[in-house]
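J.: The structure's right below; bear with me while I get my questions together.
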Amino acid sequence: MEPDSFWQRHRVLRSVLRNLSFVAGMGILGVVALVAIAAPWLFPGDPLDMVAMPTLWPGEDPAFPLGTDSLGRDMAAGLAHGARVSLLMGISAAAIGLMIGTAVGALAGYCGGWVDNLLVRITELFQTVPTFLLVIVLVSIREPSAPAIALAIGVASWPTVARLVRAQFRSLRSADFVAAALVSGARPSRIIVRHILPNALPPIVVTTSVMVANAILTEAGLSFLNLGDPNLVSWGSMIGDGRQLLRTAWYLTALPGAAIALTVMSINLAGDGLNDVLNPRSGSQ
Amino acid sequence: MSVAYRTGKALRRTVVQAVPTIFGIIVLCFLLLQLMPGDVADVLAAESGSATKETLAAIRGRAGLDDPILTQLGRYLWHVAQFDLGSSTRFGTPVSHLILERLPNTLVLMLTALGLALGLGIAAGSVMAIYAGRWPDRVLQVVVLFFYSTPGFWVGLMAIVLFSVQLGWLPSGGSMTIGTTPTGLGVLRDRVPYLVLPAFAMASFFIAVYARLTRAALLEVLRQDYIRTAVAKGLSPFVVQTRHALRNALIPVTTVAGMHLGNLLGGAVVVETVFSWPGMGRLALEAVTGRDFNVLLGVLLLSSMLVIVTNVAVDLLHAWIDPRTEAP
């Protein structure tokens, strides 16, 4: 075998790794993920416990490099534990939205006819109700808990995926390889899953990054409004707590917001990089 | 086709399409609300602390909360068909009064934010595409990526710190100066400063969305043959970029602008809370915590209708930019 045959076979992988914004985004995201995973060891104990004097500014006490909040809780510990919540919420909500959206879009695009009509109507319905209002209503159905919130965000965010997948399926449905599979007697479920879906994947992969990013932003808004899981520290709830002291101790609001911005930015950078590679004609260069 | 004809056709189509959509939204929201634990009587009982079972039963009986769900749904639909949104179970006042009080504020905020988002987004995207790869593009790309990744309410809070607390240029909340009754232009001069920060906070994410879209679409268009022809026949670069290229590049931007309206309006809930803006978003939040279903249904219904109506406006804009599209 030639020594570079691995790279020849994985052309996409190679160009992805050469893409600066993808590498930078994944690098930052990796650091955030490491902090999230290591939070229980880096900052043992409950981040909601009082550990020092309240409202120490960052740098005022070397033991608490990022300061403490109005109840004397360590900001650094809160941020590290918040990273777990934000990342987990973002990923699970996006996964739920992707599953519903892909199922609806695939069915609508493949079947066409009245099934398509009906599903498009339902999709439009969900797109007309202001997303965040819908999430608030869904969250209030049960006592707020992390899984319920992820489910609510996922249920409110599927229409974008459904539209995208439907468009892909409509154009791929008339492709020759689908006709060939039909002639050879494949069942529709097999054609959808094994033949069309893999070919429709690139734009879905790119959308995934946007979905995760938006889910993190939505969760932040929810917990900012005190509608999040009350037993968890999240970046949004830290902003909400800090807001009371916005005039005197604005770092309480600035730090968790910066953490959100950094994390979401890294996801978007990685997504842009993937998009450049998978859809080279999308025009970013 | 004349503009008037198109507008008329668009309005007819809207009415025809909006009725089933609104019907669907009512049914969807109504069933969702039934899944919520507790009702307004429970909230009132918890607040007063001394409500007897009889009082609670009387409240539920008066609001018809004991009837079967389908009866309640049918009754609600019957009332809505007569433009009656019912009355707040909590305050006893008609829902339409509560909403009409807040609607103008939300409309002003939403339209300003949409205008800001489209204006700034298209401008930034055009500059980025025209200077693609050079320093204005690189600088703007970083700025746009930042706003694309930042929660709007946090942008608002930080703007309060900078512009209200540190610099003292703009008010940090509310929608007007309390205790003054300006007239004529004075109203405008009083209200505009209150509008700047919340509108920007609401628009910030969407400025980035439209800037990215405009950049990608404009770059795509600038590659095409007719642009080369226009340049070759000696038109100035500015004329080519605006009259020839931008007009075509705006088509995908307006399409997406229509798709994002629901998200824009949803953002109002958080932004209105940050800036104590007396709009529908806060009304919805109060209705959720108070389990005031009639108010919540009314807000959901009206904000959905707002999205539908604005969508028609965007469609008309779309048809004006691109005369090839059938009148919506």
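The values are calculated or read from the model by the stated rules, or taken from the named source; none is laboratory data. Since the model is a prediction, treat every value here as computed from it, not as a measurement. Every residue, glycine as well, gets a Cβ built from its backbone with ideal geometry; the counts of neighbours run over all protein chains shown.
J.: In region A:203-259, what count of residues is obtained for those that are under 30 Å from A:Gly273 (Cα atoms) and charged (D, E, K, R)?
T.: 1
J.: Here is a further query. Please verify whether B:Met259 is at pLDDT 80 or above, under 28 Å from B:Ile122 (Cα atoms), of a type outside the set (S, T, N, Q) and surrounded by fewer than 22 Cβ atoms within 10 Å (Cβ to Cβ), treating the condition exactly as stated.
T.: Details: at pLDDT 80 or above: no; under 28 Å from B:Ile122 (Cα atoms): yes; of a type outside the set (S, T, N, Q): yes; surrounded by fewer than 22 Cβ atoms within 10 Å (Cβ to Cβ): yes.
Spelling it out, it is not the case that B:Met259 is at pLDDT 80 or above, under 28 Å from B:Ile122 (Cα atoms), of a type outside the set (S, T, N, Q) and surrounded by fewer than 22 Cβ atoms within 10 Å (Cβ to Cβ).
J.: Taking region A:212-269, which residues are hydrophobic (A, V, I, L, M, F, W, C), more than 10 Å from every other protein chain (Cβ to nearest Cβ) and farther than 18 Å from A:Ala152 by Cβ?
T.: A:Val233, A:Met238, A:Leu245, A:Ala249, A:Leu252, A:Leu255, A:Ala259 - these are the residues of region A:212-269 that are hydrophobic (A, V, I, L, M, F, W, C), more than 10 Å from every other protein chain (Cβ to nearest Cβ) and farther than 18 Å from A:Ala152 by Cβ.
J.: On to the next question. Can you name the residue in region B:137-175 that is more than 11 Å from chain A (Cβ to nearest Cβ) and under 19 Å from the mean Cα position of the chain (by Cα) and is also farthest from A:Pro256 (Cα to Cα) among such residues?
T.: B:Ser175
J.: Same structure again: Looking only at region B:86-109, filter to residues that are of a type in the set (S, T, N, Q), part of a loop (DSSP other than H, G, I, E, B) and in contact with a strand residue (DSSP E or B) (Cβ under 8 Å, 6 or more places away or on another chain); which one of those is modelled with the highest pLDDT?
T.: Per the stated criteria, the residue is B:Thr93.
J.: Select from region B:127-162 the residues that are aromatic (Phe, Trp, Tyr), touching a helix residue (DSSP H, G or I) at 6+ places or on another chain (Cβ under 8 Å) and surrounded by fewer than 19 Cβ atoms within 10 Å (Cβ to Cβ) and list them in ascending order.
T.: B:Tyr131, B:Phe146
J.: Only one residue in A:Ala150, A:Ala179, A:Ala167 is away from chain B (no Cβ under 13 Å), in contact (Cβ under 8 Å) with a residue 24 or more places away in the chain and surrounded by fewer than 24 Cβ atoms within 10 Å (Cβ to Cβ). Which one?
T.: Sole residue among the options that is away from chain B (no Cβ under 13 Å), in contact (Cβ under 8 Å) with a residue 24 or more places away in the chain and surrounded by fewer than 24 Cβ atoms within 10 Å (Cβ to Cβ): A:Ala150.
J.: Determine which single condition B:Leu302 fails, assuming it passes every other condition in (1) surrounded by fewer than 23 Cβ atoms within 10 Å (Cβ to Cβ); (2) assigned to a helix (DSSP H, G or I); (3) at pLDDT below 80.
T.: (3)
J.: Give the residue that is modelled with the lowest pLDDT, with candidates limited to residues of region B:163-200 that are loosely packed, with under 10 Cβ neighbours inside 10 Å and within 20 Å of A:Ala249 (Cα to Cα).
T.: Among those that are loosely packed, with under 10 Cβ neighbours inside 10 Å and within 20 Å of A:Ala249 (Cα to Cα), it is B:Gly168.
J.: Here are some residues: A:Ser92, A:Ser145, A:Ser140, A:Ser157. Which one is crowded, with 19+ Cβ neighbours inside 10 Å, under 26 Å from B:Ala284 (Cβ atoms) and at pLDDT below 85?
T.: A:Ser140
J.: OK, next. Conditions first: (1) touching a Phe, Trp or Tyr at 6+ places or on another chain (Cβ under 8 Å); (2) within 12 Å of chain A (Cβ to nearest Cβ). B:Met202 passes all but one, so which condition is the exception?
T.: Going through the list (1) touching a Phe, Trp or Tyr at 6+ places or on another chain (Cβ under 8 Å); (2) within 12 Å of chain A (Cβ to nearest Cβ), B:Met202 breaks only (1).
J.: Count, please, the residues in region A:109-119 that happen to be surrounded by 17 or more Cβ atoms within 10 Å (Cβ to Cβ), at pLDDT 85 or above and either in contact with a Pro (Cβ under 9 Å, 6 or more places away or on another chain) or within 14 Å of chain B (Cβ to nearest Cβ) (or both).
T.: Qualifying residue count, region A:109-119: 1.
J.: Quick one: is B:Thr254 β-branched (Val, Ile, Thr), in a helix (DSSP H, G or I), more than 10 Å from chain A (Cβ to nearest Cβ) and in contact (Cβ under 8 Å) with a residue 40 or more places away in the chain? Spell out how you get there, then give the answer.
T.: Numbers: β-branched (Val, Ile, Thr): yes; in a helix (DSSP H, G or I): yes; more than 10 Å from chain A (Cβ to nearest Cβ): yes; in contact (Cβ under 8 Å) with a residue 40 or more places away in the chain: yes.
So B:Thr254 fits the description; yes.
J.: Condition first: more than 30 Å from B:Glu101 (Cβ to Cβ), modelled with pLDDT of 75 or more, within 11 Å of chain A (Cβ to nearest Cβ) and touching a Gly at 6+ places or on another chain (Cβ under 7 Å). Can you find one or more residues in region B:219-230 that meet it? Spell out how you get there, then give the answer.
T.: Looking only at region B:219-230, we keep the residues that are more than 30 Å from B:Glu101 (Cβ to Cβ), and these are B:219-230.
Of the ones still in play, those that are also modelled with pLDDT of 75 or more are B:219-230.
Narrowing the set further to residues that are within 11 Å of chain A (Cβ to nearest Cβ) leaves B:219-223.
Within this subset, residues satisfying the condition of being touching a Gly at 6+ places or on another chain (Cβ under 7 Å) are B:219-220.
Yes, the conditions are met somewhere in region B:219-230.
J.: Being part of a loop (DSSP other than H, G, I, E, B), more than 10 Å from chain A (Cβ to nearest Cβ) and out of contact with any Asp or Glu (no Cβ under 8 Å at 6 or more places or on another chain) is the filter here, so list the residues in region B:110-136 that pass it.
T.: Initially, region B:110-136 is screened for residues part of a loop (DSSP other than H, G, I, E, B), giving B:131-134.
Next cut, more than 10 Å from chain A (Cβ to nearest Cβ) only: B:131, B:134.
The one that is part of a loop (DSSP other than H, G, I, E, B), more than 10 Å from chain A (Cβ to nearest Cβ) and out of contact with any Asp or Glu (no Cβ under 8 Å at 6 or more places or on another chain): B:Arg134.
J.: Quick one: how many residues across region B:218-230 are in a helix (DSSP H, G or I) and free of Cβ contacts under 8 Å to residues at least 60 places away in the same chain? Walk me through it before giving the result.
T.: To start, the set of residues in region B:218-230 that are in a helix (DSSP H, G or I) comprises B:218-222, B:225-230.
Next, only the ones that are free of Cβ contacts under 8 Å to residues at least 60 places away in the same chain stay: B:220-221, B:225-230.
Qualifying residue count, region B:218-230: 8.
J.: Then there's this: For A:Gly59, which of the numbered conditions (1) among the small types (Gly, Ala, Ser); (2) surrounded by 14 or more Cβ atoms within 10 Å (Cβ to Cβ); (3) at pLDDT below 80; (4) under 23 Å from A:Gly257 (Cα atoms) fails to hold?
T.: With (1) among the small types (Gly, Ala, Ser); (2) surrounded by 14 or more Cβ atoms within 10 Å (Cβ to Cβ); (3) at pLDDT below 80; (4) under 23 Å from A:Gly257 (Cα atoms) applied to A:Gly59, the lone miss is (2).
J.: A:Met1 - would you say it is at pLDDT below 85 and farther than 19 Å from A:Asn268 by Cα?
T.: Here the answer is yes, as A:Met1 does meet what is asked.
J.: For region B:257-265, does any single residue satisfy the condition of being assigned to a loop (DSSP other than H, G, I, E, B), within 27 Å of B:Ala129 (Cβ to Cβ) and more than 8 Å from chain A (Cβ to nearest Cβ)?
T.: yes
J.: Next up: Please enumerate the residues belonging to region A:124-137 that are within 7 Å of another protein chain (Cβ to nearest Cβ), hydrophobic (A, V, I, L, M, F, W, C) and without any contact (Cβ under 8 Å) to a residue 24 or more places away in the chain.
T.: A:Leu125, A:Val129, A:Leu133, A:Val137
J.: Oh, and also: What are the residues in region A:188-211 that are β-branched (Val, Ile, Thr) and within 12 Å of chain B (Cβ to nearest Cβ), if any?
T.: A:Val210
J.: A follow-up question, please. Of the conditions (1) at positive phi; (2) touching an Asp or Glu at 6+ places or on another chain (Cβ under 7 Å), A:Leu252 fails just one. Which one is it?
T.: The failed condition is (1).
J.: Another question, if that's okay. Considering only region A:182-193, state which residues are surrounded by 15 or more Cβ atoms within 10 Å (Cβ to Cβ) and in contact (Cβ under 8 Å) with a residue 12 or more places away in the chain. Give the steps one after another, and end with the answer.
T.: Going through region A:182-193, the residues surrounded by 15 or more Cβ atoms within 10 Å (Cβ to Cβ) turn out to be A:186, A:191-192.
Of everything in region A:182-193, those that are surrounded by 15 or more Cβ atoms within 10 Å (Cβ to Cβ) and in contact (Cβ under 8 Å) with a residue 12 or more places away in the chain turn out to be A:Ile191, A:Ile192.
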